[in-house]
Amino acid sequence: MFPVWDIRSNRRVVTAKVGRDNVNRMVVSPDGETIFGAMLDAKLSTIKIRSGVVSESEQYENPFNALATYRHNTKLGVADDSGNVYFFDWGKFGYHSDVYKGHKSPINAMVPITERVGILGFEDGSIRAFHFFPHKPVGIIGEHPTMIQHMDISSDGRTLVTTAHEEELRFWDVGFLEDVRVAPEEKKARAKKQQLPSSNKQNSAEFFAGMDTSEMSDLD
């Protein structure tokens with residue numbers, strides 16, 4: 001059962017029954033009228049707060065773990081246990097209209113930074129930025145030694161906070177993502193490994209920058 005409470009009066013507004021399993025994550029629509037639930041049984045549930053009416057999407061292959069809205073709230077992104085992000089057109093939450101198959105690790109958390117850029121937290125401990133519409137990886141924000149559990153963004157959109165199984169909070173400066181430009185198509189594979197300023201790690205290409213490599217080919 002899914003009870004919705006009015007915290008001002010401490011009264012239950014409505015109780016709805018959703019799915020057959022756990023609700024992994026929730027997000028409220030911008031107008032405050034609908035709650036979306038990412039379900040362990042691999043469905044997207046929508047609950048109308050005032051009426052308690054519940055609807056469900058088609059069942060997918062892997063559990064849904066995270067949600068976020070993009071493109072001025074015309075797209076709902078739902079991430080799953082296989083590293084996919086499914087996009088549902090607003091008002092058409094029965095079946096996705098687009099899918100991005102990115103990093104091959106379960107996605108445990110997702111927060112939007114701009115209308116087209118989102119940060120995803122993965123089970124392998126990595127925190128990665130992606131550009132959606134068009135879909136391309138931006139790079140690596142940073143990482144934890146254990147799986148990402150939760151993420152959130154500050155009100156000014158410049159600081160990301162993450163938690164993982166080692167029971168500590170980590171803070172990342174992600175303000176530079178507001179001006180991000182997607183990598184060209186031919187550099188897509190490189191972008192997946194691109195270390196962003198927040199990671200405090202050096203990219204391999206930068207290591208050799210300015211170095212005379214003319215004699216390196218002679219080394220055995």
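No lab work stands behind these numbers, since they all come straight from the coordinates. Fair warning: this is a prediction, and the values are worked out from it, not measured in the lab. Every residue, glycine among them, receives a Cβ derived from its backbone with ideal geometry; neighbour counts consider all protein chains shown.
Computed extension gain for Arg8 through Asp31, at 0.36 nm per residue and net of the alpha carbon distance, reaches 6.5 nm. Largest first, the extents of the alpha carbon coordinates of region 48-110 on the three principal axes equal 38, 24, 19 Å. Cut-off 17 Å, label point 7 angstrom out along Cα-to-Cβ of Arg71: give me the residues of region 16-37 whose amide nitrogen falls inside. Once the point is set 7 Å along Cα→Cβ of Arg71, 30 turn out to lie under 17 Å by backbone N, inside region 16-37. Measuring r between the beta carbons of Val53 and Lys193 and using R0 = 41 Å, the FRET efficiency lands at 0.35.
Taking the Cβ of Asp89 as the centre, find all other residues whose Cβ is under 13 Å away and add up their charges (Lys, Arg: +1; Asp, Glu: -1).
For residues surrounding Asp89, the net value is +2.
The distance between label points at Asn62 and Leu169 comes to 3.0 nm (points 7 Å beyond Cα on the Cα→Cβ vector).
On the beta carbon distance between Thr15 and Phe176, with R0 = 35 Å, the FRET formula returns roughly 0.20. How much net charge surrounds Asn108 when only the other residues with a Cβ under 15 Å from the Cβ of Asn108 are counted, with Lys and Arg +1 and Asp and Glu -1? Taking every Cβ under 15 Å from that of Asn108, the sum is -3.
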